[in-house]
1. Take the Cβ-Cβ distance between Ala37 and Ala6 as r, set R0 to 41 Å, and report the resulting FRET efficiency rounded to the nearest 0.05.
2. Pop out the carbon and sulfur fraction of the accessible area of the chain as a percent, whole number, probe 1.4 Å.
3. Would you work out the charge dipole size for the chain about its Cα centre, treating the Cβ of every Lys and Arg as +1 and the Cβ of every Asp and Glu as -1, and quote it to the nearest 20 debye?
4. Rounded, prolate or oblate: which fits the stretch 1-42 when a ≥ b ≥ c are the square roots of the eigenvalues of the alpha-carbon gyration tensor, with rounded for a/c under 1.5 and prolate only if a/b beats b/c?
5. Just from its helices, what would the mean residue ellipticity at 222 nm be for the chain, if runs of 4 or more DSSP H residues each count -39500 (n - 2.57) and the sum is divided by every residue, rounded to the nearest 500 deg cm²/dmol?
6. With the cut-off at 1.5 for a/c, could you classify the chain from its C-alpha gyration tensor as rounded, prolate or oblate?
7. Near Tyr27, within a Cβ-to-Cβ distance under 12 Å, what is the net charge of the other residues, with Lys and Arg +1 and Asp and Glu -1?
8. When only C-alpha pairs under 8 Å and at least 6 residues apart count, what is the relative contact order of the chain, in percent?
Amino acid sequence: MNDTDAIEIAILIARVSFGLMMFAHGYNHFFRGGRIAGTGRWFDSLGMKPGKVHAIVASATEVGAGLMLAAGLLTPFASAGFVGLMTVAIWTVH
């Protein structure tokens with residue numbers, strides 16, 4: 001194995017791990033814990049109104065972009081979705 005192969009494997013592991021982690025986070029918003037209603041109430045408390053709509057859009061983006069990134073499909077678009085999600089998270093929470 002040369003250096004290029006090692007780099008490709010490292011990128012693959014990072015892409016799949018991060019994609020599945022974000023998918024699981026969005027899945028939890030839809031089907032576990034407080035579900036969309038609870039996430040929507042939290043978004044409302046952060047000033048993101050209507051919270052339920054923002055919760056649906058954020059959770060769907062996490063699920064869709066997470067699966068796309070893990071599968072290696074349209075990775076620039078999946079990455080752009082995550083950049084958007086994290087920009088909003090930083091802006092609203094911190």
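1. Working: r = 46 Å, r/R0 = 1.12.
The calculated FRET efficiency here is 0.35.
2. Working: 4390 of 6230 Å².
The computed percentage sits at 71.
3. Details: 6 positive and 5 negative charges, 128 e Å.
It works out to roughly 620 debye.
4. Note, shape of the stretch 1-42 comes out prolate.
5. Details: 4 runs with 80 residues, N = 94.
So the calculated ellipticity at 222 nm is -29500 deg cm²/dmol.
6. Working: a/c = 2.96, a/b = 2.29, b/c = 1.30.
Because a/c hits 1.5 or more and a/b exceeds b/c, the chain counts as prolate.
7. Working: positive: Arg32, Arg35; negative: Glu62.
Taking every Cβ under 12 Å from that of Tyr27, the sum is +1.
8. Values: 97 pairs, mean separation 27.2, N = 94.
The normalised contact order for the chain reaches 29 percent.
The values are calculated or read from the model by the stated rules, or taken from the named source; none is laboratory data. The shown structure was predicted, so the numbers you read here are calculated from the model rather than taken from an experiment. Glycine gets a Cβ as well: all are built from the backbone with ideal geometry, and neighbour counts include every protein chain shown. Note: accessible area is taken over every heavy atom of the protein model, side chains too, but ligands, DNA and RNA are not part of it. Shrake-Rupley method; radii C 1.70, N 1.55, O 1.52, S 1.80 Å.
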